[in-house]
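Asker: One structure, pasted below without further comment.
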Amino acid sequence: MASFSTAQPLSLPRHPTFSNPSQPMTNNDRSRHTLSLIDRCSNLRQLKQIHAQMVRTGLFNDPYSASKLFAISALSHFASLDYACKVFDQIPQPNSFTWNTLIRAYASGPDPLRSISVFLDMVSDGQFGPNKYTFPFLIKAAAEVSSLSLGQSLHGMAVKSAVGCDVFVANSLIHCYFSCGDLDSACKVFTTIQEKDVVSWNSMITGFVQKGSPDKALELFKKMESEDVKASHVTMVGVLSACAKTRNLEFGRRVCSYIEENRVNVNLTLANAMLDMYTKCGSIEDAKRLFDKMEERDNVTWTTMLDGYAILEDYEAAREVLNSMPKKDIVAWNALISAYEQNGKPNEALLVFHELQLQKNIKLNQITLVSTLSACAQVGALELGRWIHSYIKKHGIRLNFYVTSALIHMYSKCGDLEKAREVFSSVERRDVFVWSAMIGGLAMHGCGNEALDMFYKMQEANVKPNGVTFTNVFCACSHSGLVDEAELLFKEMESSYGIVPQEKHYACIVDVLGRSGYLEKAVKLIEAMPIPPSASVWGALLGACKIHANLSLAEMACTRLLELEPRNDGAHVLLSNIYAKSGKWESVSELRKHMRVTGLKKEPGCSSIEIDGTIHEFLSGDNEHPMCEKVYGKLNEVIRLKANGYEPEMSQVLQIIDEEEMKEQSLNLHSEKLAICYGLISTEAPKAIRVIKNLRVCGDCHSVAKMISQLYDREIIVRDRYRFHHFRNGQCSCNDFW
């Protein structure tokens, strides 16, 4: 018999191996033997040999034989659509099976809509109409391209062809409607199926999970149980995913018991789904027990465990899982980087990224880049962010919406607004996240009017804003004092844009009004809120009271805030600052004593600066930095500039310090001054000094930065908790409105 190694051509024997090889081979014997060889083909070259033999012997003229050859050419693992079409064109009279096979092949191919063209050719040919085997493939094509109108048209045709209620057609329609986001139509189709099979239930459960309705998936599973429908492993995967999304550990454990009691086949996919449910629901003990029992594990298994430990912020255990993996892939590295980045540990995320860079044969992907760019944005690592941008260009990585948004966000938060604008302008297609990222960047840099212009250009481009867009626009208005514009958009949010204002939006408008001195108006807005005011709303009002020194209103706002968040150290500090600014030192002492007794500590001021790709951090009064002597030497030089018209703003010293000299010394030790001085000794003009501070920059440091920018002829860019300050020639971009 012939060998079927892919390295060798297929040898067609003159006769099969019978018990009596001398017996002559009949035509039927040759046909049967040739057809058996079709099933044993392992590559296209072998199939072409058989095709040639069939043409020579006339076997290709037999409809059944030709259809068999064609099906392999179109649907096998080595299928070639180009070759399959040539085979199809040679068939004298294609039958219904052959037409459906070609439709199926195109529906599963890179261009699913080509299946519709084939369908139209079949109908125009007139010999065969669509049947219950035709529609599932056509509907699959509509689902692949998420074309609701096409799916609806095919649904109508299936009903007219009297196959609309066929279970295979109906199951395909359910999948299609879910893919197109039409959950109501999917539910309606489901109810029309007279005899639902397990695929019908699975399609509904999976659809609900994938489209963000996991609760409905769980309810449907309960109904499935009540109707005594035997679940499959696919059902269980869907239900466990719903449990994971709803964090319903109790139901998840019940599902695991159901699997065991009903002897559902537990393959690797199902085992991984069980593991994912346990980790997402926070039961790492259950996950570890299952993991240890699993005889077969793949990278999904290992990464799920890594994610589980990361969710609980047990990074040591997560790291141990990564180190123990037989084969570390990019997904595992991404999981650890994302875990650090999303849990407020950007420096650790960047350390893992640098380690990843040293790995051989692992290519960074878009998820890696987005997570790392987000970490860069948090710490102000502009140089690494630039390197990633260059990497994207060098390796031809496509700028999808996520990568584009991450680049804009990174450049904006690292202080390079021009580069953010450049990235935004370089892409032709922009979704709501790209537009929102650019609006947010403009907002944090105090470009309020430009942010508003961008908002209206977004609508001209037929991109509908979302809640994040409005948050960014309101922030832009707040930093630029655009009160009327913010109020107008706030009123139009629901009526014109269909977006119901949430807590963040109310907090933003309170901030807009409060910063501009409309405290009474801000209070009325809070009192009229249809939802309970959140801590952020009261925090915005409290911050405004500090700006305008309204002590009585500040005490009320702080009381309300602490009712919601008793351990909010920021609220205590803000009220303490307002007392100090008003000279009420006794109240300051009482508040500070309360903080000591309750163990509340003020978040220490910390400023960072990136030099040659390394992040340097400074705390107030820091003497840990290896170059602290030179830093303080430069600071003393700056202090001596007092003779040039600078006077320290003593109101910014918010402790009880009697001696003026001690007050001035306290101001001089603020972290942003130390970071700026380190920038002066570590860089040369015209390079900008970029500083990131975790708290709001104080008035004295703001004045000093303006002075340094003029006397040293340096551009200084400071990002505090709320916005950017660009200092040039003794002026700040905020125009002292912050």
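Asker: Exactly one condition in (1) within 28 Å of Ile609 (Cα to Cα); (2) touching a Lys or Arg at 6+ places or on another chain (Cβ under 7 Å) is false for Glu348; which is it?
Answerer: (2)
Asker: A further question on this structure: Please verify whether Ile578 is β-branched (Val, Ile, Thr), buried (at least 18 other Cβ atoms within 10 Å of the Cβ) and either under 13 Å from Val691 (Cα atoms) or out of contact with any Lys or Arg (no Cβ under 6 Å at 6 or more places or on another chain) (or both), treating the condition exactly as stated.
Answerer: Values: β-branched (Val, Ile, Thr): yes; buried (at least 18 other Cβ atoms within 10 Å of the Cβ): yes; either under 13 Å from Val691 (Cα atoms) or out of contact with any Lys or Arg (no Cβ under 6 Å at 6 or more places or on another chain) (or both): no.
Judged against the criteria, Ile578 is not a match.
Asker: Has the range 316-324 got at least one residue that is of a type in the set (Gly, Ala, Ser), assigned to a loop (DSSP other than H, G, I, E, B) and open to solvent by less than 40 Å² (accessible area, probe 1.4 Å)? Walk me through it before giving the result.
Answerer: Restricting attention to the range 316-324, the residues satisfying the condition of being of a type in the set (Gly, Ala, Ser) are 317-318, 324.
Still in the running and assigned to a loop (DSSP other than H, G, I, E, B): none.
No, that holds for no residue.
Asker: Need pairs with beta-carbon distance below 6 Å; first residue at negative phi and within the range 176-194, second aliphatic (A, V, I, L, M) and open to solvent by 40 Å² or more (accessible area, probe 1.4 Å); sequence gap 6+ or separate chains.
Answerer: If the second residue must be aliphatic (A, V, I, L, M) and open to solvent by 40 Å² or more (accessible area, probe 1.4 Å), the pairs left are Cys180/Leu148; Asp182/Leu148.
Asker: Considering only the range 343-378, how many residues are among the hydrophobic types (A, V, I, L, M, F, W, C) and touching an Asp or Glu at 6+ places or on another chain (Cβ under 8 Å)? Quick ask: steps written out before the conclusion?
Answerer: Keep residues of the range 343-378 that are among the hydrophobic types (A, V, I, L, M, F, W, C), which gives 349-353, 356, 358, 362, 364, 367, 369-370, 373, 375-377.
Restricting the remaining residues to those that are touching an Asp or Glu at 6+ places or on another chain (Cβ under 8 Å) gives 349, 362, 375.
Residues that pass the stated criteria total 3.
Asker: Could you tell me whether any residue of the range 614-637 is aliphatic (A, V, I, L, M), buried (at least 18 other Cβ atoms within 10 Å of the Cβ) and touching an Asp or Glu at 6+ places or on another chain (Cβ under 6 Å)?
Answerer: Within the range 614-637, not a single residue is aliphatic (A, V, I, L, M), buried (at least 18 other Cβ atoms within 10 Å of the Cβ) and touching an Asp or Glu at 6+ places or on another chain (Cβ under 6 Å).
Asker: Among the numbered criteria (1) modelled with pLDDT of 85 or more; (2) open to solvent by 30 Å² or more (accessible area, probe 1.4 Å); (3) in a loop (DSSP other than H, G, I, E, B), which single criterion is violated by Ser3?
Answerer: Just one mismatch for Ser3, condition (1).
Asker: Working only within the range 158-182, note down all residues that are crowded, with 19+ Cβ neighbours inside 10 Å and of a type in the set (A, V, I, L, M).
Answerer: Residues satisfying the conditions are Ala158, Val163, Val169, Ala170, Leu173, Ile174.
Asker: What helices (runs of 4 or more DSSP H) lie completely within the range 58-107 and have 2 or more residues being in contact with a Ser or Thr (Cβ under 8 Å, 6 or more places away or on another chain), in contact (Cβ under 8 Å) with a residue 24 or more places away in the chain and within 19 Å of Ala141 (Cα to Cα)?
Answerer: Details: elements: 63-75, 81-90, 96-107.
Filter on the range 58-107 gives 63-75, 96-107.
Asker: From the residues in the range 217-237 that are of a type in the set (Ser, Thr, Tyr) and under 33 Å from the mean Cα position of the chain (by Cα), which one is surrounded by the most Cβ atoms within 10 Å (Cβ to Cβ)?
Answerer: Let us first name the residues in the range 217-237 that are of a type in the set (Ser, Thr, Tyr), namely 226, 232, 235.
Right, trim to under 33 Å from the mean Cα position of the chain (by Cα) and you get 232, 235.
Numbers: Ser232: 16, Thr235: 25.
Within the range 217-237, the match that is surrounded by the most Cβ atoms within 10 Å (Cβ to Cβ) is Thr235.
Asker: Additional query: Among the residues of the range 394-410, is there at least one that is touching a residue at least 12 places away in the same chain (Cβ under 8 Å), among the hydrophobic types (A, V, I, L, M, F, W, C) and within 26 Å of Leu306 (Cα to Cα)?
Answerer: yes
Asker: Another question about this same structure. Does the range 261-302 hold any residues that are closer than 20 Å to Met325 by Cα, among the aliphatic types (A, V, I, L, M) and open to solvent by 40 Å² or more (accessible area, probe 1.4 Å), and which are they?
Answerer: Within the range 261-302, Val300 is the sole residue that qualifies.
Asker: For the range 679-722, which positions are under 35 Å from the mean Cα position of the chain (by Cα) and either of a type in the set (S, T, N, Q) or not in a strand (DSSP E or B) (or both)?
Answerer: Step one: list which residues in the range 679-722 are under 35 Å from the mean Cα position of the chain (by Cα), which gives 679, 687-698, 715-722.
If the condition is that a residue be under 35 Å from the mean Cα position of the chain (by Cα) and either of a type in the set (S, T, N, Q) or not in a strand (DSSP E or B) (or both), then Gly679, Lys687, Ala688, Asn694, Leu695, Arg696, Val697, Cys698, Glu715, Asp720, Arg721, Tyr722 are the ones that fit.
Asker: Testing Asp286 on (1) of a type outside the set (Val, Ile, Thr); (2) at negative phi; (3) in a loop (DSSP other than H, G, I, E, B), one condition comes back false. Which one is that?
Answerer: (3)
Asker: Can you tell me which residue is farthest from Ile38 (Cα to Cα) among those in the range 50-66 that are surrounded by 17 or more Cβ atoms within 10 Å (Cβ to Cβ) and out of contact with any Lys or Arg (no Cβ under 9 Å at 6 or more places or on another chain)? So that I can check it myself, show each step before the final result.
Answerer: Taking the range 50-66 as the starting set, the residues that turn out to be surrounded by 17 or more Cβ atoms within 10 Å (Cβ to Cβ) are 50-51, 54, 59-60, 65-66.
Still in the list and also out of contact with any Lys or Arg (no Cβ under 9 Å at 6 or more places or on another chain): 50-51, 54, 60, 65-66.
Details: Ile50: 7, His51: 9, Met54: 11, Phe60: 12, Ser65: 10, Ala66: 11 Å.
The selected residue is Phe60.
Asker: Residues in the range 680-688: is at least one modelled with pLDDT of 90 or more and closer than 30 Å to Phe474 by Cβ?
Answerer: yes
Results for (1) surrounded by fewer than 21 Cβ atoms within 10 Å (Cβ to Cβ); (2) farther than 15 Å from Val434 by Cβ; (3) of a type in the set (Lys, Arg), shown as yes or no for each residue.
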| residue | (1), (2), (3) |
| --- | --- |
| Glu450 | yes, yes, no |
| Asp453 | yes, yes, no |
| Lys457 | yes, no, yes |
| Phe474 | no, yes, no |
| Ser478 | no, yes, no |
| Ala486 | no, yes, no |
| Leu489 | no, yes, no |
| Glu494 | yes, yes, no |
| Gly498 | yes, yes, no |
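Asker: Hand me the list of helices (runs of 4 or more DSSP H) wholly inside the range 201-277 holding 3 or more residues that are of a type in the set (Gly, Ala, Ser), within 28 Å of Phe291 (Cβ to Cβ) and modelled with pLDDT of 95 or more.
Answerer: By residue number, 233-246.
Asker: Given the conditions (1) within 18 Å of Val523 (Cα to Cα); (2) open to solvent by less than 40 Å² (accessible area, probe 1.4 Å), and given that Ala549 satisfies all but one, which numbered condition is not satisfied?
Answerer: (2)
Asker: On to the next question. Restricting attention to the range 448-497, report how many residues are outside any helix (DSSP H, G or I) and at pLDDT below 95.
Answerer: Initial filter on the range 448-497 (outside any helix (DSSP H, G or I)): 461-466, 481-482.
Among the residues that remain, those that are also at pLDDT below 95 are: 481.
Residues meeting the conditions: 1.
Asker: So, Val588, is that one over 39 Å from the mean Cα position of the chain (by Cα), open to solvent by less than 20 Å² (accessible area, probe 1.4 Å) and either closer than 25 Å to Val697 by Cβ or of a type outside the set (Gly, Ala, Ser) (or both) or not? Talk me through it step by step, then tell me what you get.
Answerer: On the way: over 39 Å from the mean Cα position of the chain (by Cα): yes; open to solvent by less than 20 Å² (accessible area, probe 1.4 Å): yes; either closer than 25 Å to Val697 by Cβ or of a type outside the set (Gly, Ala, Ser) (or both): yes.
Against the criterion (over 39 Å from the mean Cα position of the chain (by Cα), open to solvent by less than 20 Å² (accessible area, probe 1.4 Å) and either closer than 25 Å to Val697 by Cβ or of a type outside the set (Gly, Ala, Ser) (or both)), Val588 qualifies.
Asker: What number of residues in the range 299-313 are among the acidic types (Asp, Glu) and either modelled with pLDDT of 95 or more or part of a helix (DSSP H, G or I) (or both)? Outline the logic, then answer.
Answerer: Kept after step one, since they are among the acidic types (Asp, Glu), are these residues of the range 299-313: 307, 313.
Those left that are additionally either modelled with pLDDT of 95 or more or part of a helix (DSSP H, G or I) (or both): 307.
Of the residues in the range 299-313, 1 are among the acidic types (Asp, Glu) and either modelled with pLDDT of 95 or more or part of a helix (DSSP H, G or I) (or both).
Asker: Right, here's the next one. Of all residues in the range 593-612, how many are modelled with pLDDT under 90 and crowded, with 20+ Cβ neighbours inside 10 Å?
Answerer: 1
Asker: Identify all residues within the range 638-656 that are surrounded by 12 or more Cβ atoms within 10 Å (Cβ to Cβ) and at pLDDT 60 or above; write none if there are none.
Answerer: Within the range 638-656, Val638, Ile639, Leu641 qualify.
Asker: For the range 84-96, which residues satisfy the criterion of being surrounded by 16 or more Cβ atoms within 10 Å (Cβ to Cβ) and either closer than 22 Å to Pro110 by Cα or hydrophobic (A, V, I, L, M, F, W, C) (or both)?
Answerer: Across the range 84-96, the qualifying residues are Ala84, Cys85, Val87, Phe88, Ile91.
Asker: Let me ask something else. With respect to Phe724, is the statement that it is open to solvent by 40 Å² or more (accessible area, probe 1.4 Å), in contact with a Gly (Cβ under 7 Å, 6 or more places away or on another chain) and either hydrophobic (A, V, I, L, M, F, W, C) or modelled with pLDDT of 95 or more (or both) true? Before the answer, list the steps.
Answerer: Details: open to solvent by 40 Å² or more (accessible area, probe 1.4 Å): no; in contact with a Gly (Cβ under 7 Å, 6 or more places away or on another chain): yes; either hydrophobic (A, V, I, L, M, F, W, C) or modelled with pLDDT of 95 or more (or both): yes.
Here the answer is no, as Phe724 does not meet what is asked.
Asker: Let me ask another. Small (Gly, Ala, Ser) and within 29 Å of Glu355 (Cβ to Cβ) - does that describe any residue in the range 272-281? So that I can check it myself, show each step before the final result.
Answerer: Taking the range 272-281 first, the residues small (Gly, Ala, Ser) are 273.
Of the ones still in play, those that are also within 29 Å of Glu355 (Cβ to Cβ) are none.
The answer is no, given that none of the residues of the range 272-281 is small (Gly, Ala, Ser) and within 29 Å of Glu355 (Cβ to Cβ).
Asker: What's the total number of residues in the range 124-156 that are over 36 Å from the mean Cα position of the chain (by Cα) and open to solvent by 70 Å² or more (accessible area, probe 1.4 Å)?
Answerer: From the range 124-156, those over 36 Å from the mean Cα position of the chain (by Cα) are 124-134, 156; that's our starting set.
Within this subset, residues satisfying the condition of being open to solvent by 70 Å² or more (accessible area, probe 1.4 Å) are 124-125, 127, 132-133.
Matching residues across the range 124-156 total 5.
The values are calculated or read from the model by the stated rules, or taken from the named source; none is laboratory data. Since we're looking at a predicted model, the values are computed, not measured. We place every Cβ from the backbone using ideal geometry, glycine too, and count neighbours over all the protein chains shown. Surface accessibility is based on the protein's heavy atoms, side chains included, excluding ligands, DNA and RNA. Shrake-Rupley method; radii C 1.70, N 1.55, O 1.52, S 1.80 Å.
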